[in-house]
Amino acid sequence: MEGVDYLADERKKAEFDVNEMKIVWAGSRHNFELSDRISKLVANDPGFSKEGRTMLPRKELFKNTLRKATYAWKRIIELRLSEEEAAKLRHFVDEPAFTDLHWGMFIPAIKGQGTDEQQKKWLPLAYKMQIIGCYAQTELGHGSNVQGLETTATFDPQTDEFVIHSPTLTSSKWWPGGLGKVSTHAVVYARLITNGKDYGINGFIVQLRSLEDHKPLPGVTVGDIGLKFGNGAYNTMDNGVLRFDHVRIPRDQMLMRVSQVTREGKYVQSDVPRQLLYGTMVYVRQTIVSDASNALSRAVCIATRYSAVRRQFGSQNGGQEIQVIDYKTQQNRLFPLLASAYAFRFVGEWLKWLYTDVTQRLQANDFSTLPEAHACTAGLKSLTTTATADGIEECRKLCGGHGYLCSSGLPELFAVYVPACTYEGDNTVLLLQVARFLMKTVSQLGSGKKPVGTIAYMGRIEHLMQCRSDVKQAKDWLKPSAVVEAFEARAARMSVACAQNLSKFDNPEEGFAELAADLAEAAVAHCQLIVVSKFIEKLQQDIPGEGVKQQLEVLCGIYYLFLLHKHQGDFLGTGYITSKQASLANDQLRALYSQLRPNAISLVDAFNYTDHFLDSILGRYDGNVYPKLYEAAWKDPLNQSDIADGFHEYIRPLLKQQLRTARL
Ligand SMILES: CCCCCCCCCCCCCCCCCCCCCC(=O)SCCNC(=O)CCNC(=O)[C@H](O)C(C)(C)COP(=O)(O)OP(=O)(O)OC[C@H]1O[C@@H](n2cnc3c(N)ncnc32)[C@H](O)[C@@H]1OP(=O)(O)O
Ligand SMILES: Cc1cc2nc3c(=O)[nH]c(=O)nc-3n(C[C@H](O)[C@H](O)[C@H](O)COP(=O)(O)OP(=O)(O)OC[C@H]3O[C@@H](n4cnc5c(N)ncnc54)[C@H](O)[C@@H]3O)c2cc1C
C-alpha cells in the first residue's frame, strides 16, 4: 500500500529531537539547509534518474554518465549555483564522472602547485569547463612509489620547451579518471631533466586532445583501461592509459610554485618544501575522510531500516516474528557501524579544520605543521576507508539474501567505494607513513622537542608507559578520561615497543621493513586514538536539542568500547587493562546497545537521505520493502518475455533429448 509508513512505530520510539540531530550530522544549520534543498532538487529531476543503471552495457552506461554530468553543469549554470551548491549537486547526482577529477584534482593541483600567473591563465578556463582536466600521476609500473615514476620531461633550451616522453611500456600513465575518453588536458607528473640532470618528479600541464574535434594531439596515445569491478559502479568513469612520444609543451606549463626552470635551463628550488608537490594528495585524502562517513552512513541507513522491517523466528501464539534488529548479534554487527558513521563524520569535520589551518600556514611560509597534516590525512584516510569498505560489505550481509540484489543498493555502493582503499595511496603504504612519523616522534622524545597536536600525548610518555586502568565497574568505562587514557597508553606502548625493536637493527631501513606489520598496527592504534578523542571533544561542545547529546554519548561509547573489545589483545598485551576490566567493557557495550535500540531508526533518519540518493529498496524511508522488491524483479530484462531468448537454441533441444532418453 502506497503512503503507509511501515516504520512509523519505530520512529515514535525516538528519545531525541531528530531535526536537531540532522543539523549536528550536517555540521551546521547552513549545511543542513543546503544539503536538504539540493538533494531534493536532484531527486525531483527526472534528468538525474538512476533507473536501470546497473543493467546498461558499458558504452551506454558511459554515454549516460556524460549526459548526466553535462546536464548537471547546465543546471548549475541555469540556477546560478555557487561553488558550494554546485559541489553538493554533483554529490547528490551520485555517479562517478570525469567532473570529479576535473574539480577534485586537476583544479586543486593547479591551485596548489601553480604560480599566481599560472593560476590566472589556467583556472578561468577550467572553472568555465572550456578545458577539462585530469590528474595523471600513476603509471603502469608505479603507483605507490611516486619517486619511481618513469615519464620524462626534458628541457630543450633551443626552443624553450619541455619534451614529454614515455620511454618504456611501464611508464604509460595508467588509471587517471577522466583521462580515457574525456579530458582535453592533464596535470602530468614526470621526471624533470635539464642540462642532463634528473631533478625528480614535477607536475606539468599538458594538452592531450584538440579543442576542436577532440582528437588526440600528435604524439599522444590515449584510451580507456577497460572494465572494472561490479555492475555500473565505477565503470561510469573512463580511467585511462596515456603515452607520450616526444610531445612538446612550453616551459611555462611546468607547475612552478615548488621549483622552477629558467630560460637558460637552470633548475631553481623555492624555499617551500618539495613535499608540497604531494599537496593535492593531502587535499584529496582529507575529502576522502569526510566522504567515508557519507558512504558508511548510507549503507548503515539501508541495513538499519531493513533490519527493523525484516522478521525471522520467535513467533508466539501466532503473533509476529521477531524483528531481526532485536537480535543481539545483529546489534553487535550493526550498531558499531552506525557509531562509526557518526565518529567519521566528526573526525572528518576536524580534519577539514586541520587542513584549512595548514593551508593558511603554508601561505605564510610556516611549514611546521605539514608533517602532522600528512600523517593525519594519510592515517585517517587509511583507517576510515578500510572500515567503511568492510562496513558496507557487512551491511550487505546484515540484509541476508536480499542484500545481494542490486536493488538493495549495496553491491553497487560497495563496488564504487572499495577502490578508496587503494586510490589516493594504498592503505597499508599510508599506514607506514604514519608509522615513520611516530618513530620519528619517539626518537626525538629525549631531545627537548615538545610533541604537539595529535601527538602531544607522547609528551607524557613516562606516565603512559606505567599507568593502569582504574575501572572497577562497567559504568566507569563511560568516563572520557578513563577511555582517552586507555587509547593513549595503548598507542604509546605499541609505538615504543616498535621503536625498541627497531633499535636492535644496525640498518634502520632493514629494521623498518622487517617490522612493517607491527608498525602498521601501531599506526592504526594512533589513528583510532585520534578518532576517539575527536568524538569525545565533540561531546564537550554545546549541543542543543532534546536528547541529542545523550544519543551522541551512547554512539561514542559504542564506538570506543567496540574498538576496545575488538583490539582487546593490544590493551591486555600492553598491560593497561586486566581481563576483568575487558569483560566490564563488554558488559557496558551490551548495555549501550539496548539504549540505542529504540533510537536506531531515527538515528539513520538524521542523515536526511532521500530515497533517490539511497537508491535502495531495502532502505526505503517508508519500509515498504516486499511489494517493491516484487515489482522490481519484473522489470529485469529477463522478464520481458515468458520464454527466454536462447530457449529454442539451447533448452528445447536438451528437453527433447531427455524425452528421447526417457522413451528408451
Ligand atoms: C550505489 C552507488 C553508486 C554511486 C556512489 C558514488 C559515491 C560514493 C562515494 C565514492 C567516493 C568518491 C569521492 C572521492 C573521489 C576521488 C576519486 C579518486 C581519485 C584517485 C586519484 C589518485 O589515486 S591520484 C594518485 C595517488 N597516488 C598516491 O597516493 C601515491 C601514494 N604515494 C605517496 O604518496 C608517496 O610516494 C609516499 C608513499 C608518501 C612516499 O613518498 P617518498 O617516496 O617521497 O618517500 P618518503 O616516505 O621518504 O617521504 C619523504 C618525506 O616526505 C614526507 N611526505 C610524504 N608524503 C607527503 C605529503 N603528502 N605531504 C607532506 N609530506 C609528505 C614524508 O613524511 C617524508 O618526510 P621526512 O623526510 O621528514 O620523514
Ligand atoms: C578506481 C581508481 C582510480 C584511480 N584514479 C587515479 C587518478 O585519477 N590519477 C592517478 O594518478 N592515479 C589514480 N589511481 C591509481 C592509484 O592512486 C594507485 O593505484 C594507488 O596509489 C596504489 O598504487 P599501486 O596501484 O601502485 O599499488 P601497489 O603499490 O603496487 O600495491 C600493491 C600491493 O603492494 C603493497 N605495497 C606496495 N608498496 C609497499 C611498501 N612500501 N610496503 C608494504 N607494502 C607495499 C600494497 O600494500 C599492496 O598490497 C586510481 C586507482 C583506482 C583503483
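The values are calculated or read from the model by the stated rules, or taken from the named source; none is laboratory data. Keep in mind the model is a prediction, meaning the values are calculated, not measured. Glycine gets a Cβ as well: all are built from the backbone with ideal geometry, and neighbour counts include every protein chain shown. The protein model used for the area step is the full one, side chains on, heavy atoms only, and it has no ligands, DNA or RNA in it. Shrake-Rupley method; radii C 1.70, N 1.55, O 1.52, S 1.80 Å.
Side notes on the structure shown:
- With the cut-off at under 18 Å, measuring from each backbone N in the range 115-157 to a point 7 Å along the Cα-to-Cβ line of Gln275 picks out 145-148.
- Computed FRET value (nearest 0.05) for Glu117 with Asp224, which takes r as the C-beta separation and R₀ as 41 Å: 0.75
- Ordering Ser307, Ser583 by accessible surface, largest first, gives Ser583, Ser307; the 1.4 Å probe counts only protein heavy atoms, with every chain in place.
- Maximal additional length on extending the Lys656-Leu217 stretch stands at 152.1 nm, based on 0.36 nm per residue less the C-alpha distance.
- Packing rank of 278-286, 210-218, 3-11, 108-116, where each peptide gets the mean count of other beta carbons within 10 Å, highest leading: 278-286, 108-116, 3-11, 210-218
- Charge context of Phe32, other residues only, Cβ under 11 angstrom, K/R +1, D/E -1: 0
- Ordering His567, Gly319, Leu618 by the projection of their Cα atoms onto the charge dipole of the chain, which places +1 on the Cβ of Lys and Arg and -1 on the Cβ of Asp and Glu, puts Gly319 at the extreme positive end.
- Alpha-carbon centroid distance for the pair the range 394-431 / the range 497-523, whole angstrom: 32 Å
- Rounded to the nearest 20 debye, the dipole size of the chain about its Cα centre is 520 debye, using +1 on the Cβ of Lys and Arg and -1 on the Cβ of Asp and Glu.
- By accessible area with a 1.4 Å probe, ligands and nucleic acids excluded, highest first: order of Met55, Met21, Met129, Met465: Met55, Met465, Met129, Met21
- Pairs from Lys88/Lys120; Lys40/Lys68; Lys68/Lys88; Lys12/Lys397 whose Cα-Cα separation, in the structure shown, is over 22 Å: Lys88/Lys120; Lys12/Lys397
- Once both labels are positioned 7 Å from their Cα atoms along Cα-to-Cβ, the gap between Glu462 and Arg311 label points is 6.4 nm.
- Here the gap between Ser481 and Ser210, fully extended at 0.36 nm per residue and compared with their Cα-Cα distance, gives a gain of 91.4 nm.
- Intensity falloff of the range 583-639 expressed as log10 I(q)/I(0), Debye formula with alpha-carbon point scatterers, at q = 0.18, 0.31 Å⁻¹: -0.75, -1.16
- Between Ile322 and Asn19, the FRET efficiency estimated from the beta carbon spacing at R0 = 30 angstrom works out to 0.45.
- Remark: the chain carries 46 Å² of accessible area per residue (probe radius 1.4 Å; ligands, DNA and RNA excluded).
- At most 15 other Cβ within 10 Å, DSSP loop - trypsin sites (Lys or Arg not before Pro), the range 377-479: Lys449, Arg468, Lys472
- Distance cut-off 20 Å, percentage of C-alpha pairs in the range 478-552 lying past it: 48 percent
- The count of lysine pairs in the range 168-264 whose Cα atoms are under 19 Å apart, excluding pairs fewer than 8 places apart on the same chain, comes to 5.
- Within the chain, helix-based [θ] at 222 nm, where runs of 4 or more DSSP H residues each add -39,500 (n - 2.57), nearest 500: -16500 deg cm²/dmol
- Longest to shortest principal axis, alpha-carbon extents of the chain, angstrom: 92, 77, 64
- Placing R0 at 51 angstrom, the Cβ-Cβ distance between Phe367 and His648 gives a FRET efficiency of 0.10 after rounding to 0.05.
- Protein heavy-atom surface of the chain, 1.4 angstrom probe: 54% of the accessible area is carbon and sulfur, with nucleic acids and ligands not counted.
- Kirkwood Rh and Cα Rg combined as Rg/Rh, the range 74-219: 1.00
- Charge tally in the Cβ shell below 9 Å around Phe16, where Lys, Arg are +1 and Asp, Glu are -1, Phe16 excluded: -3
- Residues Trp73, Trp634, Trp350, Trp477 ordered from highest to lowest accessible area at a 1.4 Å probe: Trp634, Trp73, Trp350, Trp477.
- Around Gly314: net Lys/Arg minus Asp/Glu count, Cβ-Cβ under 12 Å: -1
- When both the range 541-612 and the range 1-58 are represented by their alpha-carbon centers, they are found 25 Å apart.
- DSSP finds beta bridges in the chain, and of those with both partners inside it, around 80 percent are antiparallel.
- The aspartates and glutamates within cross-link reach of Lys352, meaning a Cα-to-Cα straight distance under 16 Å and a gap of 8 or more places when in the same chain, are Glu84, Asp291, Glu372, Glu537.
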